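Okay, so here's the structure we're looking at.
The values are calculated or read from the model by the stated rules, or taken from the named source; none is laboratory data. In this text the structure is predicted, and so the values were computed from the model without any measurement. Cβ coordinates were reconstructed from backbone atoms using ideal geometry, including for glycine residues, and neighbour counts include every protein chain displayed.
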C-alpha cells in the first residue's frame, strides 16, 4: 500500500523541481534583459542627447563671436548658457554611468567600483584581485550590489569592498559601518536569478555586511 504513496510523492517532488528550474530560468531571463536594456540606454544616451549637447556647446562658443549688439549682455547670457549646458552634460554622463557604467567594460570592476565610491563620497578600501573579463550580467550584478550599499550609507560612513575568484565563482563582499539592510532584499533576487547566492547581515549601530558569489559558468 505504500508504493503508490511513494510514487505520488516522487511525482510531486519532480514537479516541484521542474517549477523551481523554470522559475530560476525565468528570473535569469529577466535579469539578462534588464542588463541588456541598461547597456543599450547608456549607448543611446552617449550617441544621442550627449552628442547634441556637445554640439550645442560648440555652437554657443561660435555665437559669442557673432553677436555685436550689446556685447557685454550677450557675453554674460552666453556664459550662463554655457554653464547650463555643461551641467546638463555632467548630469547626462552621470545618468549613463548609473544605468550601466562604461568603466565596467573599459576598465573592469576595480575601476568601476573606485569611481562609484568616489561618486558616493564614501571613503572605501577596495581590494579587487579578480582581474578577468566577466560576462556583463555577472560584473553588473557585483557592481550594482556594491553600489546599492554605498548609496544607502549614512553620513560619515566608511566601507570596504572585496572581490575575488574562488572555486569557479566570482565572490564579493561589501562592509559598511553605518547602513542597514532596509531595501536590500531585491539584491538577493538579482543574484539568485543568476544562479548565485547572497547573504545580508546587519546589526543596529554596527553597519551592514553583504556577501555573495556568482558562478562564472552556467
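Structure above, values below:
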| read-out | value |
| --- | --- |
| Criterion: within 25 Å of residue 193 (Cβ to Cβ), under 31 Å from the mean Cα position of the chain (by Cα) and in the same structural domain as residue 134 (by TED's automatic domain parsing) - qualifying residue of 113, 30 | 113 |
| Count of residues meeting criterion [over 17 Å from the mean Cα position of the chain (by Cα) and part of a helix (DSSP H, G or I)] in region 33-60 | 15 |
| Checking residue 140 against (1) modelled with pLDDT of 90 or more; (2) in contact with a strand residue (DSSP E or B) (Cβ under 9 Å, 6 or more places away or on another chain), the condition it does not meet | (2) |
| Qualifying positions in region 183-212 - surrounded by 20 or more Cβ atoms within 10 Å (Cβ to Cβ) and touching a strand residue (DSSP E or B) at 6+ places or on another chain (Cβ under 9 Å) | 187, 190, 191, 194, 196, 198, 207, 208, 210, 212 |
